[in-house]
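Written out below as structure tokens is the structure these notes cover.
No value in this document is a laboratory result; all are computed from the given coordinates. None of these values were measured; they are calculated from a predicted model. Using ideal geometry, Cβ is built from the backbone for each residue, glycine included, and neighbour counts are taken over all protein chains shown.
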């Protein structure tokens with residue numbers, strides 16, 4: 001086995017007290033610009049064997065701590081991007097280290113089960129103490145998978161099987177059994193999943209067919225002929241454009257109903273993100289989502305809420321769709337990212353196929369990730385991190401309002417009362433690139449989305465003191481150039 | 001945190017010596033029939049929250065060891081199914097426990113990176129010492145993913161992007177950029193992937209479109225209109241049907257070429273398993289696979305070899321396609337299962353898209369699984385497990401020949417000189433069910449595939465002594481009922 005070298009020892013030394021004191025008081029800049037020379041060299045070497053075209057910098061995770069990510073050159077950046085919104089509790093969190101070192105974790109890693117055939121005796125407990133304890137209101141069942149794409153695709157499969165079994169009288173027909181082997185109807189479904197313009201639901205073939213974010217995500221890949229509906233384009237600040245935005249949302253709902261009524265193919269499910277993240281951090285109001293829920297119910301269509309990026313506390317609720325006050329819950333809610341585990345929740349037992357081996361694959365999830373999710377959930381609850389994220393988010397939003405008021409580079413600040421799930425638009429893609437790079441060189445790691453948006457995705461442990469550092473650097477970078 | 005209860009302590013005590021001595025000398029039967037009462041009860045409870053329709057029994061992985069899987073009732077079964085062929089080195093392998101306890105592993109679990117944006121500084125080393133050290137001849141690059149389905153789908157995406165970029169003069173056209181957002185050609189590809197009858201390549205929407213194993217795997221799920229070609233149906237024993245089998249394979253190759261020549265859509269890639277596992281453990285000869293390689297080269301089609309189930313040593317070569325002695329290597333080889341990690345290998349740098357963010361997703365693999373794969377690879381090499389699997393496989397095959405000769409329940413014994421990757425057909429599905437259940441009740445956990453086949457998938461640490469136990473029980477069960 002490889003032996004731990006010096007920096008690894010930090011992991012062993014960490015405990016709850018030392019963890020927080022190990023966070024630097026401010027970003028540490030060891031090289032002039034980021035990526036630094038070591039990061040560049042390591043990335044060039046990696047590129048010999050692995051697609052590294054999208055690399056921002058090479059990270060040193062052993063020396064990252066809390067809200068600070070270390071790069072290979074020893075720069076320590078305040079991270080408000082967090083591995084594309086997937087680090088819930090900071091780097092090297094001691095509670096997660098404890099979970100990772102547990103015998104349960106070790107056993108789950110070395111004895112990975114085919115969960116649907118030989119489930120481990122403690123899997124239900126792990127789920128009930130973690131992922132299921134966190135289930136959205138109205139949901140008490142789960143299917144586990146491996147990524148956001150996988151979560152959405154298994155939810156789509158559940159939707160197709162559900163809709164067909166509702167139509168089917170009795171057993172599969174001979175024609176179904178034979179046509180499906182030719183990839184043809186009636187055995188292969190001609191039903192569709194409807195998604196929204198600018199949505200992102202993943203990059204495998206089914207999920208990519210519902211993704212409408214950017215051409216580069218989709219080019220040259222075959223896609224199912226599935227429909228899309230318009231997503232509201234809101235104007236900001238919201239209080240100034242209340243009437244206009246309402247009309248925009250009403251028109252989108254009208255168009256959605258028209259698409260549903262005129263679809264030549266049955267729509268098995270509508271999938272929607274609470275905030276369209278990759279597509280530009282596009283928000284809609286509760287009114288719109290309530291309308292989507294009503295229309296789907298009225299037309300016998302399942303509603304899948306994709307909380308892969310919005311879930312697990314960052315919006316000031318555990319699940320973003322809890323902001324909507326729906327009369328009846330979504331049919332399925334998918335998750336991944338901050339939970340490290342992935343899958344979907346549901347309440348209606350008919351969403352589980354009657355026959356075995358239909359919703360099935362070798363692993364059906366990964367207990368090691370479910371154990372990690374349990375530790376994440378416990379820490380979120382015990383430290384009341386959803387509420388603290390809501391509070392820090394409000395503080396951050398006000399600070400950003402002040403900056404936006406001082407510059408014509410930024411508009412459309414959004415995400416008020418939505419925790420730290422905040423974004424704004426830049427006046428051009430070029431301005432955005434300069435601001436992001438400028439912040440990076442000053443010690444803040446930040447990410448974009450859509451054509452001109454910057455999105456914030458800090459950890460749930462992001463505090464006012466971090467917000468202050470971030471706001472100062474952002475203001476400096478924005479106003480000084 | 002949950003504290004380890006009694007059985008967990010075993011994990012800590014294990015070391016290389018104790019590990020092997022901890023294997024029981026023979027199966028231990030604690031209950032009359034399997035599943036036992038505790039297993040049944042736990043499974044019923046699990047079913048309240050999780051689809052448990054396919055459960056065989058509930059396992060106790062803490063008390064499983066080496067080639068023996070323990071169920072919740074304390075039965076210890078000799079496992080020749082191994083989590084659908086995905087346990088390489090037995091349960092609670094001390095070398096893997098050591099890797100799972102390492103600081104590198106702990107850091108990878110708690111600091112899971114978005115690999116394509118912020119790769120960790122040691123990712124190239126982890127790959128080069130593990131997954132890439134194991135790369136098939138002619139391949140020196142890798143893309144990492146999360147499961148077999150995911151591995152195949154990312155390989156398909158690479159194939160589509162490659163073929164389109166070969167046809168494209170210069171940049172994407174406006175028509176491509178706009179049509180793809182409507183899921184339409186020319187931006188969305190109309191090219192196809194060709195697979196073979198009875199093949200299995202996964203269950204997500206793209207991979208499922210190439211899967212042709214069983215209707216129940218595919219029913220009610222939309223599929224791309226992709227073509228299939230016949231796979232040889234060989235007769236056994238091979239030495240008796242040499243001429244007939246050659247004609248069968250020649251006809252399949254002729255039909256494949258005819259499908260290629262008459263396809264109205266360009267075939268981007270052909271995907272093939274060295275042994276069609278889920279579809280019934282169907283073998284073909286090197287002659288057939290050489291022919292497939294020749295035809296694909298001749299017609300500018302990429303060849304993807306799906307080694308998700310056949311890879312990592314069980315066939316007596318590290319990669320099953322090494323049995324074929326190809327003149328030129330496949331274009332991509334996909335892997336998962338026994339490597340715990342997943343992905344595909346390739347050699348041609350053009351299989352990596354020129355633009356970033358095309359072969360891309362949040363995680364792009366999982367370093368914790370790559371670390372595990374490295375430990376698996378090292379142990380396989382250091383203990384010469386591929387050669388020992390070849391030897392044990394020969395011994396096992398001879399023993400099975402003796403049993404098959406004594407009964408009319410079994411035919412078509414196959415997998416000679418193919419390590420422990422051995423299978424045979426039962427005279428009916430009913431006979432198969434009885435034999436598998438009979439063996440389970442006598443302490444052997446075994447799996448089926450296809451309509452009437454039983455497939456063997458023991459660990460790479462399966463020895464002659466295990467083969468003797470297995471053969472005795474199988475013979476008893478088969479001949480006594």
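Quick rundown of the values:
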| quantity | calculated |
| --- | --- |
| Convex hull projection area averaged over all views, the range B:385-481, Cα basis, nm² | 5.4 nm² |
| Pairwise centroid distance, computed over Cα atoms, of the range A:429-468 with the range A:245-318, Å | 27 Å |
| Calculated over the range B:417-460: convex hull of Cα atoms, volume per residue (Å³) | 71 Å³ |
| Relative contact order of the range A:370-481, pairs being alpha-carbon contacts under 8 Å that are 6 or more residues apart, as % | 27 percent |
| Sorted by Cβ neighbour density within 10 Å, fewest at the top, the residues A:23, A:244 | A:244, A:23 |
| Two-decimal ratio, the range B:30-72, of alpha-carbon radius of gyration to 2.2 N^0.38 Å | 1.18 |
| Pairwise FRET efficiency - residue A:383 versus residue A:327, Cβ, R0 = 35 Å, nearest 0.05 | 0.60 |
| Cα gyration tensor shape of chain A, rounded if a/c is under 1.5, else prolate or oblate by comparing a/b with b/c | oblate |
| Relative contact order of chain B, pairs being alpha-carbon contacts under 8 Å that are 6 or more residues apart, as % | 20 percent |
| Residue order, fewest to most surrounding Cβ atoms within 10 angstrom, among A:371, B:403, B:28 | B:28, B:403, A:371 |
| Mean projected area (nm²) of the alpha-carbon convex hull when the range B:235-383 is viewed from all directions | 11.5 nm² |
| Radius, Kirkwood style, for the range B:311-441 when every pair of distinct Cα atoms is counted (Å) | 17.9 Å |
| Within chain B, helix-based [θ] at 222 nm, where runs of 4 or more DSSP H residues each add -39,500 (n - 2.57), nearest 500 | -12000 deg cm²/dmol |
| Estimated translational D of the range B:12-120 in µm²/s (Stokes, Kirkwood radius over Cα pairs; 37 °C; 0.692 mPa s) | 204 µm²/s |
| Taking B:270, B:381 and counting other C-beta atoms within 10 Å, the order from fewest to most | B:381, B:270 |
| Whole-angstrom gap from the range B:157-200 to the range A:90-168, using each part's C-alpha centre | 33 Å |
| Fraction of antiparallel bridges per DSSP, the range B:117-381 only, in percent to nearest 5 | 50 percent |
| DSSP bridge orientation in chain B - percent antiparallel, rounded to nearest 5 | 65 percent |
| The range B:114-262: Rg to Rh, with Rh as the Kirkwood radius over Cα pairs | 1.05 |
| Convex hull volume per residue in cubic angstrom - Cα atoms of the range B:213-284 | 100 Å³ |
| Overall Cα dimensions of the range A:112-381 - principal axes, largest extent first, Å | 57, 51, 38 |
| Translational diffusion of the range B:83-159, µm² s⁻¹ [Kirkwood Rh, Cα pairs; Stokes-Einstein; 4 °C; 1.567 mPa s] | 87 µm²/s |
| Percent antiparallel among DSSP beta bridges (both partners in the protein assembly as shown, rounded to 5) | 65 percent |
| The range B:331-381 pair-distance distribution - Cα-Cα, 5 Å bins, rounded % | 5, 17, 21, 24, 19, 11, 4, 1 |
| nm² value of the averaged projected area, convex hull over the Cα atoms of the protein assembly as shown | 36.1 nm² |
| The range A:263-348: C-alpha gyration tensor shape, a/c 1.5 cut-off, then a/b vs b/c | prolate |
| Cα-based shape type of the range B:238-278, given that a ≥ b ≥ c are square roots of the gyration tensor eigenvalues and the cut on a/c is 1.5 | oblate |
